[in-house]
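See structure below.
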Amino acid sequence: MKENTSPPAPLPRERGGAVLPPSPPRRGVGGEVFSRGSGMTDRARDLRSNMTDAERKLWLALCGDQLGVRVRRQLVIDKRYIVDFCAPQIRLIIEVDGQHHITSLSDPVRTAYLEARDYTVLRFWNNAVLNETETVIDATHRLVTDLLAARPSPPTPLRDGEGRRLLPKDCA
């Protein structure tokens with residue numbers, strides 16, 4: 001008899017005594033799949049709990065819709081990358097880089113991957129965020145303003161009496 005070698009089904013979650021089925025993947029504004037409980041999600045959660053001084057300082061300037069768009073921190077993109085900050089509404093990614101990024105060969109590949117998915121990637125060095133915070137925030141705010149202006153605006157609802165004209169029966 002052949003033994004079943006398929007992986008076991010995920011265990012149901014428990015909440016308040018009730019058993020819940022596994023959560024389906026969530027989709028972001030750009031269609032990216034965000035899943036709960038993956039290794040990347042756990043890593044992102046850990047990074048949110050252990051932010052660098054530069055990330056913490058920039059987050060204080062970005063959080064709470066201060067730029068006019070919602071910014072999320074340590075966000076998983078395509079189950080492949082964790083970005084420092086992301087404004088999904090305008091597809092902006094902000095990275096705060098330390099010394100180890102000077103010689104990184106993976107950063108250009110990562111940036112190309114994100115830009116190919118229509119993200120704008122903005123990078124700052126840690127020391128710029130820590131020592132020239134206002135300049136960094138001003139540059140970020142200008143880019144957000146430009147990206148918001150470039151987005152097509154939603155159609156304005158028609159007022160009463162506007163819209164399709166009805167022709168008299170004899171003109172049809």
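Can you say whether Arg110 is part of a helix (DSSP H, G or I), loosely packed, with under 14 Cβ neighbours inside 10 Å and in contact (Cβ under 8 Å) with a residue 24 or more places away in the chain, as far as the supplied structure shows? So that I can check it myself, show each step before the final result.
Values: part of a helix (DSSP H, G or I): yes; loosely packed, with under 14 Cβ neighbours inside 10 Å: no; in contact (Cβ under 8 Å) with a residue 24 or more places away in the chain: yes.
It is false that Arg110 is part of a helix (DSSP H, G or I), loosely packed, with under 14 Cβ neighbours inside 10 Å and in contact (Cβ under 8 Å) with a residue 24 or more places away in the chain.
So Ser104 passes all but one of these: (1) within 16 Å of Met51 (Cβ to Cβ); (2) at pLDDT below 90. Which condition number does it fail?
For Ser104, the failing item is (1).
What is the number of the single condition among (1) modelled with pLDDT under 90; (2) in a helix (DSSP H, G or I) that Val129 does not meet?
Every listed condition holds for Val129 apart from (1).
Select, from Arg43, Arg56, the only residue that is outside any loop (DSSP other than H, G, I, E, B), more than 26 Å from Ala139 (Cα to Cα), open to solvent by 20 Å² or more (accessible area, probe 1.4 Å) and modelled with pLDDT of 55 or more.
Going through Arg43, Arg56 in turn, just one is outside any loop (DSSP other than H, G, I, E, B), more than 26 Å from Ala139 (Cα to Cα), open to solvent by 20 Å² or more (accessible area, probe 1.4 Å) and modelled with pLDDT of 55 or more: Arg43.
Pairs needed: first member in the range 137-152, surrounded by 10 or more Cβ atoms within 10 Å (Cβ to Cβ); second member anywhere, in a helix (DSSP H, G or I) and of a type outside the set (Phe, Trp, Tyr); C-beta distance under 9 Å; at least 6 residues apart or different chains.
These pairs meet every condition: Ile137/Leu58; Ile137/Ala61; Ile137/Leu62; Thr140/Leu58; Thr140/Ala61; Thr140/Leu62.
So if I check each of Asp118, Asp78, Asp65, which one is modelled with pLDDT under 90, open to solvent by 60 Å² or more (accessible area, probe 1.4 Å), within 18 Å of the chain's Cα centre (by Cα) and among the charged types (D, E, K, R)?
The match here is Asp65.
Taking Leu67, is it in contact (Cβ under 8 Å) with a residue 24 or more places away in the chain and outside any helix (DSSP H, G or I)?
Spelling it out, Leu67 is indeed in contact (Cβ under 8 Å) with a residue 24 or more places away in the chain and outside any helix (DSSP H, G or I).
The values are calculated or read from the model by the stated rules, or taken from the named source; none is laboratory data. As the structure is a computational prediction, the values presented were derived from the model and not from experiment. We place every Cβ from the backbone using ideal geometry, glycine too, and count neighbours over all the protein chains shown. All accessible areas refer to the heavy atoms of the entire protein, side chains included, with ligands and DNA or RNA removed. Shrake-Rupley method; radii C 1.70, N 1.55, O 1.52, S 1.80 Å.
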